[in-house]
Amino acid sequence: MDDGALVIMVGLPSDECARVLGRLGRETPAVVVTSREQARAVLAAAEERPKHSSSPEAATTEGRLRRQVHFGALLLDVDCRLATWDGVEFTISAREFDLLTRLAEDPGRVWTFASLTRAVWDRDFVGDRSAVTSAVKRLRAHLRRARVPVTVESVRGRGYRLSEAIAAS
């Protein structure tokens, strides 16, 4: 790729993201986002950033941009948008990845419908819980199919929180 190129992937599933990143090589910067608005924000930030920097601080700062969220054996690589349980990758949609990441960032927290709507959908909550409820339902199904023992708990009238599943005796 040309020097200064930036690859932005919008709404790709984690397996496709990993495939593209594997083909790009380590030298090409790549960003994965869930919406066009996020892509525009990335482009705006990239235009404001200095084109080249050889200072060790820049490398350290860039190194910190790689973000991972852990919850027990659950690892969410936010930059690559990869979800793994005990080292085994499982596939979820971009929206479900964002939802699981938010829940895993602060697992004891009860995330209200309003806070999840703002954090995951990037819009104000207007009282309609159906988008959050549907996404949670799909996420739970994917976690069950992948045999990931993590539970998205309902907190009646409030929202959701993440917890480890308790095995039935």
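Scanning the stretch 71-84 for residues that are open to solvent by 50 Å² or more (accessible area, probe 1.4 Å) and more than 12 Å from the chain's Cα centre (by Cα) returns a single hit, Gly72.
Anything in the stretch 148-159 that is part of a strand (DSSP E or B), out of contact with any Ser or Thr (no Cβ under 6 Å at 6 or more places or on another chain) and of a type outside the set (Val, Ile, Thr)? List them, or say none. Hit for the stretch 148-159 is Ser154, nothing else. For Phe97, the conditions (1) under 25 Å from Arg36 (Cα atoms); (2) at pLDDT below 90 all hold with the exception of (2). Mind checking which pairs have a first residue in the stretch 137-166 that is under 14 Å from Leu103 (Cα atoms) and a second that is of a type in the set (Gly, Ala, Ser) and part of a strand (DSSP E or B), Cβ under 9 Å, 6 or more apart or different chains? If the second residue must be of a type in the set (Gly, Ala, Ser) and part of a strand (DSSP E or B), the pairs left are Val150/Ser163; Thr151/Ser163; Val152/Ser163; Glu153/Ser163; Tyr160/Ser154; Arg161/Ser154. Test Trp121 against the stated conditions and say whether it is open to solvent by less than 60 Å² (accessible area, probe 1.4 Å) and either more than 26 Å from Ile8 (Cα to Cα) or basic (Lys, Arg) (or both). So Trp121 fails the test.
Among the residues of the stretch 127-149, just one is more than 19 Å from the chain's Cα centre (by Cα) and hydroxyl-bearing (Ser, Thr, Tyr), namely Ser130. Return yes or no: is Ser93 more than 26 Å from Leu21 (Cβ to Cβ), surrounded by fewer than 18 Cβ atoms within 10 Å (Cβ to Cβ) and hydroxyl-bearing (Ser, Thr, Tyr)? The answer is no for Ser93. For the stretch 86-97, state whether one or more residues are touching a strand residue (DSSP E or B) at 6+ places or on another chain (Cβ under 6 Å), of a type in the set (Lys, Arg) and within 27 Å of Leu24 (Cβ to Cβ). There is no residue in the stretch 86-97 that is touching a strand residue (DSSP E or B) at 6+ places or on another chain (Cβ under 6 Å), of a type in the set (Lys, Arg) and within 27 Å of Leu24 (Cβ to Cβ).
Within the stretch 124-159, the set of residues being surrounded by 15 or more Cβ atoms within 10 Å (Cβ to Cβ) and hydroxyl-bearing (Ser, Thr, Tyr) comprises Thr151 only.
The values are calculated or read from the model by the stated rules, or taken from the named source; none is laboratory data. Since we're looking at a predicted model, the values are computed, not measured. Here the Cβ is made from the backbone with ideal geometry for all residues, glycine too, and neighbour counts use every protein chain on show. Keep in mind that these areas ignore ligands, DNA and RNA; they rest on the heavy atoms of the full protein, side chains included. Shrake-Rupley method; radii C 1.70, N 1.55, O 1.52, S 1.80 Å.
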